[in-house]
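Any read-out appearing in this document is the output of simple, stated calculations on the displayed coordinates, not a laboratory observation. Only a predicted model underlies this, so the values are computations on that prediction, with no experimental measurement involved. Virtual Cβ from ideal backbone geometry, glycine too; neighbours counted across all protein chains shown.
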Amino acid sequence: MNIKSAEFVCSNTRTDKLPAPTLPEYAFIGRSNVGKSSLINSLTNKKGLAKTSQTPGKTQLINHFLINNTWYLVDLPGYGYAKTSRTNRAEWEKFIRYYLRNRESLQCVFVLIDSRLEPQKVDLEFCSWLGENGIPFLIVYTKADKQSGVKTDQNAAKFRKSLLQSFEEMPQEFITSSENGLGRDEILAFIDEINKQ
Ligand code: GDP
């Protein structure tokens, strides 16, 4: 898919102010600092579209970006930041989980996993919750340029093994780097395929 246009549409702290669910949408989520903003900017070819390295856990916004006037890329707030207060976390939970469970135009969720890390409990729990709620999701390993391909594959294999303790089938996986564009075309092709259906 060629990205012809990518525009910021709105930021919301409430699910009742979201754009009308008239276009297919794809959500991106992960722990703070996982590389989500960088990936969104790489996918859309727009450097400043999603703000990178914001103070983690501070703003809890759902950002909608309109791509090629045909679909929404949705930037969800990062989770799992240690310094976020308990109240903040509870708010995040309520808001995001409500969105994920009820958004009728949501096609799937891309869960970002830092490819440099061993499987993290918070990521595994979040994936399990998505599975339990029947929300389709995919795994995106980020920052693959930061280490050897062998190390990335080893960490991905460990994550897969942990996830398969709760799932019969592994969701589709993408290995990416926003630094060198690895995995970008595959993710866009995947979205294109669903949009055509
Ligand atoms: P977010 O908090 O998940 O939105 O993470 P950011 O996109 O702000 O990235 C956090 C940090 O990781 C920043 O310093 C980025 O420059 C860096 N980063 C993100 N993705 C990559 C990547 O693919 N490769 C490398 N080398 N650094 C990355």
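Listed by chain and number, the lysines whose alpha-carbon sits under 24 Å from that of LYS47, ignoring those within fewer than 8 places in the same chain, are LYS4, LYS36, LYS58, LYS143, LYS146. Antiparallel beta bridges, as assigned by DSSP with both residues in the chain, represent about 35 percent of the total such bridges. Placing R0 at 35 angstrom, the Cβ-Cβ distance between GLN154 and LYS94 gives a FRET efficiency of 0.45 after rounding to 0.05. Here the gap between ASN180 and LEU61, fully extended at 0.36 nm per residue and compared with their Cα-Cα distance, gives a gain of 40.1 nm. Taking amide H positions as modeled 1.01 Å from N, with prolines and chain starts lacking one, the residues under 5 Å from TYR79 and 5 or more places away or on another chain are GLY30, ARG31, SER32.
With a Förster radius of 25 Å applied to the beta-carbon distance between GLN165 and LYS196, the computed FRET efficiency rounds to 0.15. Taken over the chain, the convex hull of the Cα atoms encloses 116 Å³ per residue.
Please report LYS196, LYS121, LYS158 as a ranked list, fewest other C-beta atoms within 10 angstrom at the top and most at the bottom. Provide the component values of the computation, followed by the final result.
Details: LYS196 6, LYS121 9, LYS158 13.
Arranged by neighbour count, lowest to highest, LYS196, LYS121, LYS158 become LYS196, LYS121, LYS158.
Quick one: order ASP192, ASP185, ASP114 by neighbouring beta-carbon count within 10 Å, fewest to most.
Numbers: ASP192 15, ASP185 12, ASP114 19.
With the fewest neighbours first, ASP192, ASP185, ASP114 line up as ASP185, ASP192, ASP114.
Remark: ASP123, ASP16 ranked as ASP16, ASP123, counting other beta-carbon atoms within 10 Å and listing the fewest first.
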